[in-house]
Amino acid sequence: MTVRDMINNLTIIFPLAVALGILLWCLRWAAIHRRAALATPEGEVRPAPDRAMKKADWLVLAALTAVWACIAYIGLGSTKAPQTFLHYEQGNTYAQLELTEPQYITSLRYYSGLCTEPYELQFSLDGEEWETQMKEDFTSGMTQEYTQLFRWNDAYLNADRGPVRYIRIISGGEEYLGEVAVYGEDGLLLDAADITAAPGCEMLLDEQDVIPAAYSYKNGTYFDEIYFARTALEHIQERWPYEITHPPLGKMILAIGIRLFGMTPFGWRFMGTLFGVLMLPALYLLLKRMFGYLPAAACGSTVFAFDFMHFVQPRLATIDSYAVFFIILMNLFMYLWLTEPPDREKRRLLWLGLAGLSFGLGAATKWICIYAGAGLGVLWAVYWIMRFVRERKAVRRAFLHNVGWCLLFFVLVPCAVYYCSYWAYGPSQGADGPFRWFSPKYLKVVLDNQTYMWNYHSGLESTHPYSSKWYQWLFDVRPILYYMDNPGAGTTIRFASFNSPIVSWAGLAAMVGMGWLAVKEKDERAIFILIGYLANLLPWVLVSRLVFAYHYFPSVVFLVLAISYIFADLYQKDPHWKASVGGFTAACIGLFCMFYPVLAGTEVSTAYCATFLRWFTDTWPF
């Protein structure tokens, strides 16, 4: 892109304006940081931090959580999808449909269930002679591959076919087929009354009211949902799961939504979105405990709520939102332990135990939580080093006592949680019943899966058009595009996962400020934020396998903590804090509204994307 192109392209205005605003915001904070607490215009001194949750806090938190929940659940996905499936128990068995009269079939749409085998699709005019529909390369015209499960697919039909009265679908192995939609010569869906299913095949025509006009992300799986939604159902059915490259707990949580709302897009996305909602109270409690000011907690939580990645990731049926929720929890409880007075030993043990439990739940969801757990270990070590420096020998007994509790809370409890999370794996491997945890077969399943996961992630060699490097995450250079469709001339539907540029760029600048505060002023809150950020980011520097922008999601939590530190500082020391704190927060909300079409997947003009949203022409895919 040339300088002239940039000048002529309106989109250059927006990143420049954001970058300039962040620069001025940072300079203002740097200028006032060392000042004593300022008087307000009315002459009142800022109140001392009050870290207890007050009525106003609960009201603000409730309002923010409710608003975000409404926005997140709107358009989440269809609540309808085929729920009854024809089960082909083996290959070379068939289902047959008969039309009331011969017709020219323009298309045949079908909804795939579990198992992956091709079908043989045959048409006949008289029920005696059959014509197989296959592609030019002699492959099946009706497939059920792993990328096609729990979504609507269109069969390939030969161009030279004639009128049809009988349709036969022959299995290639064990398969589940949900529904079949047949379209006549006029291109319209044939009424179910015009089709008769052979005995035992009625479920192929019993839910015709759920057939959509076309496939979209709202009525079927997309991206990695093809792995996780399917595996959640397999956990419910206690079948051997397809997706075994991550621990089971996240998929077991995902399965709760399927139990509540059926195997529908809304059902398999429900729990992830709920955990996105739950992140806000957890983060708010952490911010209030860290800074003690309602504006810092409220505005910091709002910035996180309307960060792009926090909106997109929980609405996708993967396990990342569960992992990030547990990361927030473990850091909340660790901070409570770090800041609880030493004389409140029972409460300190409670916080430490809950931090360990959250770590165990996170590790049983996704291994990235182990990175965050390592950060807790560093914080724990820093805490005791500082106590040793202050108290010398007097702290030795308390230290040894705490080591014992940590072995319980951060080793035994997480290992037990992790081991128990494989509950659904047992039956398919012969470890059934209420005491399956004690079966040697169960133990073997768990140990074998650890080896498999390690080999998979360490040896993965693959490419993807929307992959990125860790250093690109820092500057929001390369989003991952999850979905793209062009429904009409001049319009598009697409959405991607990436950060709000304000959060990425201002958060990175704020993190540099945390480093400065940690080194120069030994500020304990800055140390906590910096260690948490580095613990979640630095491991990815060493990872050579394929990675994506969403792997930065845990680090975004700490970017928001760093921004909130500046909010608290501005509130305490700047008489014009509302412009700095409120303006920043409003800008985050405004940018969310501006980018909403490419976050929620709503139809929008391609001109709007090109003019206002494609800030990085070569790397932003909308």
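No lab work stands behind these numbers, since they all come straight from the coordinates. This structure is a prediction, so every number in the text was calculated from the model and none was measured. Don't worry about glycine lacking a Cβ; one is built from the backbone with ideal geometry, like all the others, and counts go over all protein chains shown.
Here are a few things to note about the model shown:
- FRET efficiency for Thr451 and Ala56, using Cβ-Cβ distance with R0 set to 60 Å, rounded to 0.05: 0.70
- Neighbourhood net charge (15 Å Cβ-Cβ; Lys/Arg +1, Asp/Glu -1) for Met290: -2
- Across segment 86-210, the relative contact order, built from alpha-carbon pairs under 8 Å that are at least six residues apart, equals 42 percent.
- Treating r as the C-beta distance of Arg387 and Ala416 and R0 as 30 Å, the FRET efficiency rounds to 0.55.
- Measuring between their Cα centroids, segment 341-407 and segment 171-200 lie 60 Å from each other.
- Counting every other Cβ atom within 10 Å of each residue's Cβ, Lys444, Lys80 order from fewest to most as Lys444, Lys80.
- Summarising the label geometry, the points placed 7 Å from Cα in the beta-carbon direction at Ser124 and Asp343 lie 9.0 nm from one another.
- Förster radius 60 Å - calculated FRET efficiency between Asp160 and Ala63 (Cβ-Cβ, nearest 0.05): 0.45
- Across q = 0.09, 0.16, 0.20, 0.22 Å⁻¹, segment 243-374 modelled as identical point scatterers on its alpha-carbon atoms has Debye log10 I(q)/I(0) values of -0.29, -0.85, -1.15, -1.26, in the order of the q list.
- Across the chain, C-alpha contacts under 8 Å between residues 6 or more apart give a mean separation that, scaled by the residue count, equals a relative contact order of 16 percent.
- Expected 222 nm ellipticity per residue - DSSP helices of 4 or more, -39500 (n - 2.57), all of the chain, to 500: -15500 deg cm²/dmol
- A simple spin-label model places the labels of Leu27 and Leu260 4.9 nm from each other, with each point 7 Å out along Cα-to-Cβ.
- Listed candidates (i) 30.6; (ii) 37.7; (iii) 33.7 - label of the one calculated as mean projected area of the Cα convex hull in nm²: (iii)
- Charge tally in the Cβ shell below 13 Å around Ile480, where Lys, Arg are +1 and Asp, Glu are -1, Ile480 excluded: 0
- Charge tally in the Cβ shell below 13 Å around Met386, where Lys, Arg are +1 and Asp, Glu are -1, Met386 excluded: +1
- Reducing segment 448-505 and segment 273-325 to their Cα centroids gives an inter-centroid distance of 21 Å.
- One decimal place: the segment Leu408-Leu189 gains 72.6 nm when fully extended, by the rule 0.36 nm per residue minus the C-alpha distance.
- Peptides 11-19, 69-77 ranked from most to least packed, by the mean per-residue count of other Cβ atoms within 10 Å: 69-77, 11-19.
- Evaluated at q = 0.14, 0.17, 0.19 Å⁻¹, a Debye calculation over the C-alpha positions of segment 86-210 (equal weights, vacuum) places log10 I(q)/I(0) at -0.54, -0.82, -1.06.
- Taken about its Cα centre, the chain carries a charge dipole of roughly 4880 debye when the Cβ of each Lys and Arg holds +1 and the Cβ of each Asp and Glu holds -1.
- Relative protection proxy for 239-252, 541-554, 558-571, from highest mean packing down: 558-571, 239-252, 541-554 (other beta-carbon atoms within 10 angstrom).
- Helical segments meeting 20 Å axial Cα length and Kyte-Doolittle 1.0 threshold in the chain (DSSP H): 13-32, 55-73, 265-291, 320-339, 368-391, 501-520, 524-541, 553-573
- Chain lengthening between Lys80 and Met484 when straightened (0.36 nm per residue, less Cα-Cα): 143.2 nm
- The ranking of Phe388, Phe359 from fewest to most other beta carbons within 10 Å of each one's beta carbon is Phe388, Phe359.
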